[in-house]
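Note sheet for the following structure.
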Amino acid sequence: GAGVSQSPSNKVTEKGKDVELRCDPISGHTALYWYRQRLGQGLEFLIYFQGNSAPDKSGLPSDRFSAERTGESVSTLTIQRTQQEDSAVYLCASSLSDASSSIQYFGAGTRLSVL
Amino acid sequence: KQEVTQIPAALSVPEGENLVLNCSFTDSAIYNLQWFRQDPGKGLTSLLLIQSSQREQTSGRLNASLDKSSGRSTLYIAASQPGDSATYLCAVPSAAGNKLTFGGGTRVLVKP
């Protein structure tokens, strides 16, 4: 596609429910990243994929968070048993190679609201 | 641990003035530095990527400078327009190249 696509753009859920957020990176981009932006705060790194492998999951805040990538393409971020503090904008980015040499292109984000 | 700081957090200027946005980082061993723009409710748009070997990078009215030794980058926007109103973020990659560390951003308002 022309850019990084994320769905849904907005998600409202009840505390305790599971949610899945989807990211379609730019075709051919081997690196994929998830970040989180809480209201009024900076961007926090969550996880990095190189191909279908996740060599760095260090940013995932708890074991309720997981992510996978298939076909070196689509990635899904899953949050189980959502809590109110999970409310944030979840941003996905992709790049040709890793961050040391390539521009990261971001999607528009998924705004998650946990009631 | 790399830390990235942007000061000021907010800036308001009249249309036509030049904008100067500052970014500082604690670890000077960086591969590159990237400047982004974020509009309310939107994702990030990459503006400029300046490699560690470069002193500056230009794109239209935008010019970014990099001084690795002092841990600073500056984004200049010439002849500001109301459409330049947005939050500007700088970011540097980690040593492993697996993520970006972002500054807190500078929220810019250009008044007509």
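Remarks
- Value of relative contact order over chain A, rounded to a whole percent, pairs C-alpha under 8 Å and six or more apart: 37
- The fraction of Cα-Cα pairs per 5 angstrom bin, counted from 0 for the protein assembly as shown, comes to 1, 7, 15, 18, 18, 16, 12, 7, 3, 1, 0 percent, rounded to whole percents.
- Gyration tensor over alpha-carbon atoms, region B:1-66, equivalent ellipsoid semi-axes in Å: 21, 15, 13
- For B:GLN54 and B:LEU11, the difference between the fully extended length at 0.36 nm per residue and the C-alpha to C-alpha distance is 12.8 nm.
- Cut-off 12 Å (backbone N to label point 7 Å along Cα→Cβ of A:GLU68), residues of region A:1-31: none
- R0 of 30 Å, Cβ-Cβ distance A:ARG22-B:LYS1: FRET efficiency to nearest 0.05: 0.45
- Shown for chain A: the carbon plus sulfur share of the solvent-accessible area, taken with all protein chains present and a 1.4 angstrom probe, equals 44%.
- If the convex hull is drawn through the Cα atoms of region A:42-102, its volume per residue in Å³: 97
- Separation in nanometres of the label points that stand 7 Å from Cα toward Cβ, at A:LEU39 and A:SER100: 4.0
- With a cut-off of 12 Å between beta carbons, the residues surrounding B:ASN18 carry a summed charge of -2, where Lys and Arg count +1 and Asp and Glu -1.
- Stokes-Einstein translational diffusion, chain B - Kirkwood Rh over all Cα pairs, 1.567 mPa s, 4 °C, in µm²/s: 92
- Furthest towards positive pole of dipole, A:ASN52, B:PRO40, A:GLY3, structure part the protein assembly as shown, Cβ charges: B:PRO40
- Fraction of the pair-distance distribution of chain A above 16 Å, Cα-Cα pairs, percent: 55
- Only Lys, Arg, Asp and Glu carry charge here, each on its Cβ (+1 for the first two, -1 for the last two); on that basis chain A has a dipole of about 300 debye about its Cα centre.
- Each residue of region B:24-30 was assigned a 3J(HN,Hα) from its phi angle through the Karplus curve 6.51 cos²θ - 1.76 cosθ + 1.60 (θ = phi - 60°); the sequence is 10, 9, 8, 9, 7, 7, 10 Hz, with glycine and proline shown as x.
- Ranked order, A:ILE79, A:ILE103 - accessible area, probe 1.4 Å, largest first: A:ILE103, A:ILE79
- Gained length - A:SER53 relative to A:ARG81, 0.36 nm times residue gap less alpha-carbon distance: 7.6 nm
- Phi-based couplings in Hz for region B:58-64 (Karplus 6.51, -1.76, 1.60; Gly and Pro marked x): 10, 8, x, 7, 9, 9, 10
- Separation of alpha-carbon centers, region A:51-115 and region B:22-51, rounded to whole Å: 19
- When the C-alpha to C-alpha distance is required to be over 27 Å, the pairs from B:LYS42/B:LYS111; A:LYS17/B:LYS99; A:LYS17/B:LYS42; B:LYS1/B:LYS111 that qualify are A:LYS17/B:LYS99; B:LYS1/B:LYS111.
- Under a model in which nothing but the beta-carbon of Lys, Arg (+1) and Asp, Glu (-1) is charged, chain B shows a dipole of about 180 debye around its Cα centre.
- Between A and B, roughly 1500 Å² of accessible area is buried in total, ligands, DNA and RNA not counted and the probe set to 1.4 Å.
- Charge sum, other residues only, whose C-beta stays under 12 Å from A:ASP98's C-beta, Lys/Arg counted +1 and Asp/Glu -1: 0
- Remark: the B:ALA78-B:ALA96 segment gains 3.0 nm on full extension, using 0.36 nm per residue and subtracting the alpha carbon distance.
The values are calculated or read from the model by the stated rules, or taken from the named source; none is laboratory data. Quick caveat, the model's predicted, so the values are computed rather than measured. Glycine also receives a Cβ, built like all others from the backbone with ideal geometry; neighbour counts cover every protein chain displayed. Surface accessibility is based on the protein's heavy atoms, side chains included, excluding ligands, DNA and RNA. Shrake-Rupley method; radii C 1.70, N 1.55, O 1.52, S 1.80 Å.
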